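Down below is the structure, laid out as structure tokens.
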Amino acid sequence: MTTLKRDEKSPARQALQTFLAFVLLFLLYAIAVQVTEIDLEKMRAESRQTQLVGVLRFLADPDITNPDIIDPLFVEETEPFSLTETTVNTLNLIVETIFMALLATTIGTILAIPVSFLAARNLMLEVTSPLASFMLALALLPVGGGLAWLGAREMVALAATFADQPVLTLGIFVGTLALGWAIVRFAPPIVTEKRRNSGETAVALIELVILVLLALFALAQIATLSQVGGLWLTDQLNAAAIGLGPVSLNFGFVGNFFKVMGDMVTLMLPAATALLGATIAMLLGSRLGQEAILRISGVPAKLLTAVTTFLGTAVFIYGIGTILNWLYQFDTPANWTTVPALVGGGVLAVGSLLVAPKRPFRIGFGIYTIARAIFNTLRSIEPLIMAIIFVVWVGLGPFAGVMALTLHTIAALGKLFSEQIEGIDDGPIEAINATGANRLQMIVFAVIPQIIPPYIAYTLYRWDINVRMSTIIGFVGGGGIGFLLSQSVRLLRYREASVMMLAIAIVVSLLDYLSANVRRRVI
């Protein structure tokens with residue numbers, strides 16, 4: 001008498017499981033039909049079929065030209081051939097839609113590339129650090145970010161004081177560059193291989209701070225000159241506009257470009273400098289903490305770990321509490337900021353005494369998890385909702401649509417880029433690491449060469465997606481052709497809507513053909 005092995009299933013059991021699976025699928029689809037309210041009786045109703053035929057006939061006859069048909073027997077009584085107002089508006093707005101998508105894709109791609117490395121599992125899992133190293137980096141984050149933001153803001157304000165004197169601004173800019181060159185040329189070198197004493201280190205640090213402030217001041221001056229020069233150039237080009245019948249050839253947009261770029265630098269310089277300063281402070285804190293904890297052991301190492309844990313935890317909790325207080329405006333902010341920071345920092349500092357000071361923690365896994373969570377959260381919010389928020393912030397128009405598409409592009413491309421990094425060949429990485437290269441060199445020479453072609457392909461595909469998304473964002477006032485399309489649909493002007501739908505289809509098809517050719521040449 002034979003017996004079945006534990007991993008083998010009897011025919012009756014397999015049949016029962018198959019039957020139960022089919023029953024489960026049947027119930028699943030039955031619920032889906034019920035929830036989606038499918039009613040085929042409405043499709044067979046004669047009145048609905050008549051309405052459907054009417055709508056389709058309107059859509060098949062787009063209102064492109066005026067008059068649509070010229071009767072050869074009555075040529076003198078008909079109007080001359082011309083495009084309708086709907087067609088002209090459609091052409092203008094479809095161009096706006098294309099450039100909305102272009103700007104959003106460009107900015108979103110630039111910002112998504114660096115953050116995609118933080119969300120790549122294969123790169124981040126290898127990042128480990130002692131507790132003291134990570135906590136000291138966390139504690140120095142607001143210090144570096146705050147000082148950098150304050151310095152950049154003051155340099156922007158200083159440059160703005162000379163905005164009404166562009167010649168003086170230009171002279172100060174040249175002087176700033178000359179001073180920076182003189183410091184680099186004649187002052188002691190900032191980076192050197194020989195060991196410095198404390199005095200030389202202090203001098204090098206002061207020299208570095210002065211060079212950074214000069215660089216920020218120079219950038220702020222460039223932004224000021226761009227703003228002033230852009231306004232002057234816009235006036236000159238508008239005055240020199242050439243009239244060609246109903247069309248006017250005006251290059252005033254060139255001056256406006258310089259004006260907007262100057263505004264963008266002025267607005268973003270403090271924030272970007274703060275981010276860079278916070279990053280440098282974290283890297284410096286991580287390195288100092290790791291070197292310190294590796295040099296000592298025993299009780300001093302435990303005390304150092306406890307102190308850094310207290311500082312890092314307190315900074316983190318205080319920051320979270322400050323954000324919550326900003327959102328909800330608590331009656332007693334200290335109960336959400338200072339008190340939890342001190343209590344949480346003290347509790348974790350005591351707990352850190354039970355941890356081996358030199359034990360490596362998987363810091364990279366935590367960063368990876370947070371980055372993925374942010375990407376998933378942003379991707380779960382439709383650009384339509386983002387556009388509503390940005391419309392409240394910057395007003396109706398394409399600028400709100402660009403910001404909404406940019407934010408969604410960062411999240412979408414960040415996920416796609418990170419997954420592409422996770423799928424690269426490990427051979428080049430192992431070869432580069434075998435030579436003793438550091439992490440930055442490994443990324444530059446082993447990772448980036450493998451991801452450039454797919455990154456280009458994903459970017460082009462995202463531009464295609466953003467063009468189609470722009471049509472929907474316009475429904476809430478986010479610019480582009482969507483606003484006009486929504487008006488035509490609400491007013492039952494299906495012939496006008498057909499013109500816009502036709503323009504969208506043509507643009508999407510052309511972009512698909514263009515991106516396909518670029519991908520074929522690159523990949």
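Could you pull out the residue among L342, L348, L294 that is in contact with a Pro (Cβ under 9 Å, 6 or more places away or on another chain) and assigned to a helix (DSSP H, G or I)?
Working: L342 fails: in contact with a Pro (Cβ under 9 Å, 6 or more places away or on another chain); L348 fails: in contact with a Pro (Cβ under 9 Å, 6 or more places away or on another chain).
The conditions single out L294.
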Residue within segment 240-257 that is under 23 Å from the mean Cα position of the chain (by Cα) and either of a type in the set (D, E) or closer than 30 Å to G346 by Cα (or both) present: no
Filtered residues of segment 181-236 (kept if small (G, A, S) and under 37 Å from the mean Cα position of the chain (by Cα)): A204, A215, A218, A220, A223, S226, G229, G230
Matching residues, segment 13-58, being of a type in the set (A, V, I, L, M, F, W, C) and either outside any helix (DSSP H, G or I) or under 30 Å from L491 (Cβ atoms) (or both): I38, L40, M43, A45, L52, V53, V55, L56, F58
Some residue of segment 318-333 being hydroxyl-bearing (S, T, Y), under 20 Å from T279 (Cα atoms), surrounded by 13 or more Cβ atoms within 10 Å (Cβ to Cβ) and within 29 Å of the chain's Cα centre (by Cα): yes
Criterion: farther than 30 Å from Q290 by Cβ and buried (at least 16 other Cβ atoms within 10 Å of the Cβ) - qualifying residue of G144, G229, G151: G229
Conditions (1) touching a Leu at 6+ places or on another chain (Cβ under 9 Å); (2) among the acidic types (D, E); (3) free of Cβ contacts under 8 Å to residues at least 40 places away in the same chain: number failed by E496: (3)
Checking I421 against (1) over 30 Å from R468 (Cβ atoms); (2) β-branched (V, I, T); (3) buried (at least 16 other Cβ atoms within 10 Å of the Cβ), the condition it does not meet: (1)
Checklist (1) over 24 Å from the mean Cα position of the chain (by Cα); (2) buried (at least 18 other Cβ atoms within 10 Å of the Cβ); (3) under 30 Å from G364 (Cα atoms); (4) not hydrophobic (A, V, I, L, M, F, W, C) applied to Y494, failing item: (3)
Residue in segment 166-189 that is nearest to W232 (Cα to Cα), counting only those that are loosely packed, with under 15 Cβ neighbours inside 10 Å and not hydrophobic (A, V, I, L, M, F, W, C): G171
Residue check for K259: of a type in the set (K, R) and in contact with a Gly (Cβ under 8 Å, 6 or more places away or on another chain): yes
Of the criteria (1) part of a helix (DSSP H, G or I); (2) more than 17 Å from the chain's Cα centre (by Cα); (3) hydrophobic (A, V, I, L, M, F, W, C), which one A437 fails: (1)
Positions within segment 246-300 being in contact with a strand residue (DSSP E or B) (Cβ under 9 Å, 6 or more places away or on another chain) and under 30 Å from P130 (Cα atoms), in sequence order: S286, G289, Q290, I293, L294
Qualifying positions in segment 187-242 - outside any helix (DSSP H, G or I) and in contact with a Leu (Cβ under 7 Å, 6 or more places away or on another chain): I190, A241, I242
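Conditions tested, residue by residue: (1) without any contact (Cβ under 8 Å) to a residue 40 or more places away in the chain; (2) surrounded by fewer than 13 Cβ atoms within 10 Å (Cβ to Cβ).
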site: V343; (1), (2): yes, no
site: A356; (1), (2): yes, yes
site: I370; (1), (2): yes, yes
site: L384; (1), (2): no, no
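Read-outs: derived from the displayed coordinates by stated rules, not from any lab. Since the structure is predicted, the reported quantities are computational estimates derived from the model, not experimental observations. Methodologically, a virtual Cβ is constructed for each residue, glycine included, from the backbone with ideal geometry; neighbour enumeration extends over all protein chains shown.
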